[in-house]
């Protein structure tokens, strides 16, 4: 039986098992794509006109899709052009931020912290989900979202 962390030697190779990594789903999809723009409204209109990205609000658009594991459930991916002066991506200096959908945000952040990943800010709980942030090795801020899709559906 394999515990939280076991070692096995097989054919001269050492295999490390950490079941938490393998059993816990981490990223389940893309929750959103956000980028800075000199003229966010003009960018939203251009992307809507030329690429068909839905322009649903002053933030941008939302792609609606069906979840693979349960096709009766809808999922969402946000798309948003933000002003150059936004501080939302800080402490990153990047002009973009990716939002990843996750399951069990609190457990994932705990695991990532144990793995040495830099956690940014506290968990933010909204009706439509929980949000957490980390930094990747390149200095990009990453948003992690444990969505409440039922509430998000009602917001659209």
Exercise. Has the stretch 80-90 got any residue that is over 17 Å from residue 37 (Cα atoms) and either under 14 Å from the mean Cα position of the chain (by Cα) or in contact (Cβ under 8 Å) with a residue 60 or more places away in the chain (or both)?
Worked result: no
Exercise. At negative phi, surrounded by fewer than 13 Cβ atoms within 10 Å (Cβ to Cβ), more than 17 Å from the chain's Cα centre (by Cα) and modelled with pLDDT under 90: does that describe residue 155?
Worked result: yes
Exercise. Pairs under 8 Å by beta carbon, first residue in contact (Cβ under 8 Å) with a residue 12 or more places away in the chain and at positive phi in the stretch 54-73, partner in a loop (DSSP other than H, G, I, E, B) and surrounded by 13 or more Cβ atoms within 10 Å (Cβ to Cβ), six or more apart or different chains?
Worked result: 60/53
Seminar exercise, completed: Taking the stretch 47-66 and keeping only residues that are part of a loop (DSSP other than H, G, I, E, B) and at pLDDT 85 or above, one is left with 52, 53, 60
Exercise. Does any residue of the stretch 115-127 turn out to be outside any strand (DSSP E or B), free of Cβ contacts under 8 Å to residues at least 60 places away in the same chain and closer than 16 Å to residue 153 by Cα?
Worked result: yes
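The values are calculated or read from the model by the stated rules, or taken from the named source; none is laboratory data. Computed from a prediction, not measured in an experiment: that's the story for all the values here. Ideal geometry is used to build each Cβ from the backbone, glycine not excepted, and the neighbour counts take in all protein chains shown.
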